[in-house]
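Have a look at the structure below before the remarks.
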Amino acid sequence: MSAKEEKTSAPVATKESEVTSSFALPKIELKSTIKTAVSKTNEVLSIMEVQKDMTSSMVGSRIRPLAFQAKQVAQKAVIIYESRQHYAPQIIAGSAATIGLLVSVRRGKVPGALMGTVGGVGAYAAVYGQPPKF
């Protein structure tokens, strides 16, 4: 029995050694792998930075003229708003008449007159500030 076991065990041992040698992992140099990974990461980051810069410059070049025009329109609106006291009677009368007519068509003469008065007081407050205290 020992002779048979030796015969059968010997080929098995050689098969195991053959199997382990055929599945051996290749040797990888750690330093070169790290260098390669770092250089590839830097390349990707530089490409992303260039794309970000191009995008932000395109957006900035489109927004700057729009912001300039918006600033000019806002300045004109402030100038017009500041000159509202020159046209106070027209603003107050127009607001009272418009609100009064719209409400009188819908609700009647008396509610129209009351709402016109309220609209006139509101327009007065908007033009001159707080209404006078009684």
If you roll a 1.4 angstrom probe over the protein chains with everything in place, what fraction of the accessible area of the stretch 87-128 belongs to carbon and sulfur, to the nearest %? 72
Once fully extended, how much extra length lies between ALA93 and ILE47, figured as 0.36 nm per residue of separation less the alpha-carbon to alpha-carbon distance? 10.1 nm
Rh by Kirkwood over Cα pairs, then Stokes-Einstein D for the stretch 87-128 at 1.567 mPa s and 4 °C, µm²/s: 133
Sorted on mean Cβ neighbours within 10 Å (highest first), peptides 47-54, 86-93, 111-118 come out as 111-118, 86-93, 47-54
So for the pair ILE34, GLN69, with labels modelled 7 Å out along Cα→Cβ, what separation do we get in nm? 5.6
Shape call, the stretch 36-83: gyration tensor on alpha carbons, a/c limit 1.5: prolate
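The values are calculated or read from the model by the stated rules, or taken from the named source; none is laboratory data. Computed from a predicted model, the values in this text were never measured in an experiment. All Cβ positions, glycine included, derive from the backbone under ideal geometry; neighbour counts span all protein chains shown. Each accessible area value is taken on the protein alone, full model and side chains, heavy atoms only, with ligands, DNA and RNA left out. Shrake-Rupley method; radii C 1.70, N 1.55, O 1.52, S 1.80 Å.
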